[in-house]
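Heads up, the thing below is written out as C-alpha cells.
The values are calculated or read from the model by the stated rules, or taken from the named source; none is laboratory data. Source: prediction; values computed, not measured. Every residue, glycine among them, receives a Cβ derived from its backbone with ideal geometry; neighbour counts consider all protein chains shown. Ligands, DNA and RNA are stripped out before the accessible areas are found, and what is left, the full protein with its side chains, is counted by its heavy atoms. Shrake-Rupley method; radii C 1.70, N 1.55, O 1.52, S 1.80 Å.
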Amino acid sequence: MEVVILPGGRQIASVAADAIQALLKRKADAVLGLATGSSPLPIYDELVQRYEQGLLDFSRVQGFLLDEYVGLEPGHPESYREVIRRDFTGRVNFAPENVHGPDGSASDIPAACRAYEDAIRDGGGVDLQLLGLGTDGHIGFNEPGSSLASRTRIKTLIEQTRRDNARFFHGLADVPHHVLTQGLGTILESRHAILVATGAQKAQAVHDLVEGPLAAVCPASVLQLHPHASILIDEAAASSLKLADYYRHSYDHKPAWQEL
Ligand code: F6R
C-alpha cells in the first residue's frame, strides 16, 4: 500500500489522472472501475480536460460502477448510472454501452448481482479501480461488518451514510435504505486500486484503513491485502496518521521509474 499525501484535490486529481493516462497508453481497451460521490469529481474533471486536449481516448474503454441504489426508477437523476454519465462518461467519448452498473431496479436482486460479477469477469476484470471512502470506513457501499471476502450483493446503508448522502437528494427521507455494491472480495481483484479521500471528516477512516487492524469494522482496511493499492489523501485527511512523515519521505524519494 502506498500512501501519498498531497496538498489538495487538484494535485490528487493530477496524480490519479496520470495513472489512468499511463494505463490507457499501454491498454486502450482497459477496464476502469468507477466510483461516484464527491471525492472523484476533480479526477473526472481532470480526465475531461485531458480528453478535450486530445490526450485521452475512452472509445474502447469499459467502465464498471462500484454500486447503485436499490429502488430508484431507471433514469432517476441520483441513480449512479445517471450520476456517472453527468459527471464523467457523458463528457468524454465513452460509449454508453460500455458503462455498466449493478441493476438496482431488477426484480430478482440476487440474479442481478450474479450477472454483474459475471459481466466484470467477462470484461477481463478491472484494471484500475477508483474508490472514495465513507466516513465510517466503507468502500463501495460495503458498510462496517461486511465480509472481507464478499461479492456483489445487496446491503443496508448505515444511517450515517444516508445522512452523508442526503445532500444529493431532496432530504434524508428520499435516500434509499438499500444498495447493490461490489463486494470487498470483488474490489480486491482489481489490478490497481486508487482510493481518494480529502478533508478532516475522513481522517479517522483513513487512519483505520491504513494503520488500523485488518477488520470488517473498517471495510476499507481490506486494501491492506491488495497487492497494488494507492491511497491519495490531502493533509486534513492525513492528520491522524502516525507514520505521515514516513509516507511523505517515501513519496519524495520514490524512484523515478516507479509509477503510482
Ligand atoms: C460511491 C461509493 C462510496 C463513496 C463514499 C465517499 O460510488 O462507492 O463509497 O465513495 O461514500 O463519498 P464522498 O466521496 O461523496 O465523500
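Is it the case that some residue within region 239-247 is open to solvent by less than 50 Å² (accessible area, probe 1.4 Å), at pLDDT 95 or above and out of contact with any helix residue (DSSP H, G or I) (no Cβ under 9 Å at 6 or more places or on another chain)? Show your work before the answer.
Step one: list which residues in region 239-247 are open to solvent by less than 50 Å² (accessible area, probe 1.4 Å), which gives 241, 244, 247.
Right, trim to at pLDDT 95 or above and you get 241, 244, 247.
So of that shortlist, the ones also out of contact with any helix residue (DSSP H, G or I) (no Cβ under 9 Å at 6 or more places or on another chain) come out as 244.
Yes: region 239-247 contains one or more residues that are open to solvent by less than 50 Å² (accessible area, probe 1.4 Å), at pLDDT 95 or above and out of contact with any helix residue (DSSP H, G or I) (no Cβ under 9 Å at 6 or more places or on another chain).
Would you confirm, using the coordinates I've provided, whether Gly125 is modelled with pLDDT of 95 or more and either within 15 Å of the ligand (Cβ to nearest atom) or more than 17 Å from Ser221 (Cβ to Cβ) (or both)?
Working: modelled with pLDDT of 95 or more: yes; either within 15 Å of the ligand (Cβ to nearest atom) or more than 17 Å from Ser221 (Cβ to Cβ) (or both): yes.
So Gly125 passes the test.
What number of residues within region 125-151 are more than 12 Å from Gly33 (Cβ to Cβ) and open to solvent by less than 50 Å² (accessible area, probe 1.4 Å)? Even if it seems obvious, please write down each step before you answer.
Restricting attention to region 125-151, the residues satisfying the condition of being more than 12 Å from Gly33 (Cβ to Cβ) are 133-138, 141-151.
Imposing the further condition that a residue be open to solvent by less than 50 Å² (accessible area, probe 1.4 Å) reduces the set to 133-138, 141-144, 146, 150.
The qualifying residues number 12.
Regarding Thr135, is this residue out of contact with any strand residue (DSSP E or B) (no Cβ under 8 Å at 6 or more places or on another chain), within 14 Å of the ligand (Cβ to nearest atom) and hydroxyl-bearing (Ser, Thr, Tyr)?
yes
Give me the pairs, please: first residue somewhere in region 61-85 and under 30 Å from Ala22 (Cβ atoms), second residue anywhere and within 13 Å of the ligand (Cβ to nearest atom) and open to solvent by 40 Å² or more (accessible area, probe 1.4 Å), beta-carbon distance under 9 Å, and either six or more positions apart or on two chains.
Short answer, once both residue conditions are applied: Leu65/Arg81; Asp67/Lys155; Glu68/Arg81; Val83/Phe168.
Sort out which residues of region 43-65 are open to solvent by 10 Å² or more (accessible area, probe 1.4 Å) and touching a strand residue (DSSP E or B) at 6+ places or on another chain (Cβ under 7 Å), and write them in order of number. If you could, list the steps in order and put the result at the bottom.
In the first step, residues of region 43-65 are kept if they are open to solvent by 10 Å² or more (accessible area, probe 1.4 Å); the result is 45-46, 49-57, 59-60, 62.
The answer is Gln62, and nothing else.
Pull up region 164-186, narrow it to residues that are in a strand (DSSP E or B) and within 14 Å of the ligand (Cβ to nearest atom), then point me to the one that is surrounded by the most Cβ atoms within 10 Å (Cβ to Cβ).
Initially, region 164-186 is screened for residues in a strand (DSSP E or B), giving 178-181.
Okay, now just the ones that are also within 14 Å of the ligand (Cβ to nearest atom), so 179-181.
Working: Val179: 25, Leu180: 26, Thr181: 29.
For region 164-186, the residue satisfying everything is Thr181.
What's the number of the only condition in (1) assigned to a loop (DSSP other than H, G, I, E, B); (2) among the hydrophobic types (A, V, I, L, M, F, W, C); (3) out of contact with any Ser or Thr (no Cβ under 9 Å at 6 or more places or on another chain); (4) open to solvent by 30 Å² or more (accessible area, probe 1.4 Å) that Ala119 fails to meet?
Checking Ala119 against (1) assigned to a loop (DSSP other than H, G, I, E, B); (2) among the hydrophobic types (A, V, I, L, M, F, W, C); (3) out of contact with any Ser or Thr (no Cβ under 9 Å at 6 or more places or on another chain); (4) open to solvent by 30 Å² or more (accessible area, probe 1.4 Å), the one that fails is (1).
Under 8 Å by Cβ, and 6 or more places apart or on different chains, what pairs join a residue from region 199-225 that is of a type in the set (Ser, Thr, Tyr) and assigned to a helix (DSSP H, G or I) with one that is away from the ligand (no atom under 14 Å from the Cβ) and open to solvent by less than 30 Å² (accessible area, probe 1.4 Å)?
Note: pairs meeting the criteria are Ser221/Gly212; Ser221/Ala215.
Being part of a strand (DSSP E or B) and more than 10 Å from the ligand (Cβ to nearest atom) is the filter here, so list the residues in region 138-163 that pass it. Walk me through it before giving the result.
Applying the first criterion (part of a strand (DSSP E or B)) to region 138-163 yields 139, 142, 153-156.
Hits for region 138-163 are Arg153, Ile154, Lys155, Thr156.
So which strands (runs of 3 or more DSSP E) are wholly in region 1-82 and hold at least 2 residues that are under 23 Å from Gln182 (Cα atoms) and within 13 Å of the ligand (Cβ to nearest atom)? Let's see the steps before the verdict.
Details: elements: 2-6, 31-34, 62-65, 67-69.
So the answer is 31-34, 62-65, 67-69.
Being among the acidic types (Asp, Glu), under 22 Å from Asp127 (Cα atoms) and open to solvent by 10 Å² or more (accessible area, probe 1.4 Å) is true for just one of Glu189, Glu211, Glu235. Which residue is that?
Details: Glu211 fails: under 22 Å from Asp127 (Cα atoms); Glu235 fails: under 22 Å from Asp127 (Cα atoms).
One residue alone meets the criteria, Glu189.
Would you mind stating whether Ala106 is away from the ligand (no atom under 14 Å from the Cβ), modelled with pLDDT of 95 or more, in contact with an Asp or Glu (Cβ under 8 Å, 6 or more places away or on another chain) and open to solvent by less than 50 Å² (accessible area, probe 1.4 Å)?
On the way: away from the ligand (no atom under 14 Å from the Cβ): yes; modelled with pLDDT of 95 or more: yes; in contact with an Asp or Glu (Cβ under 8 Å, 6 or more places away or on another chain): no; open to solvent by less than 50 Å² (accessible area, probe 1.4 Å): yes.
Considered against the rule, which asks whether it is away from the ligand (no atom under 14 Å from the Cβ), modelled with pLDDT of 95 or more, in contact with an Asp or Glu (Cβ under 8 Å, 6 or more places away or on another chain) and open to solvent by less than 50 Å² (accessible area, probe 1.4 Å), Ala106 comes out as no.
What do you reckon, is Ile84 within 16 Å of Phe168 (Cα to Cα) and among the β-branched types (Val, Ile, Thr)?
Values: within 16 Å of Phe168 (Cα to Cα): yes; among the β-branched types (Val, Ile, Thr): yes.
When the stated conditions are applied, Ile84 passes them.
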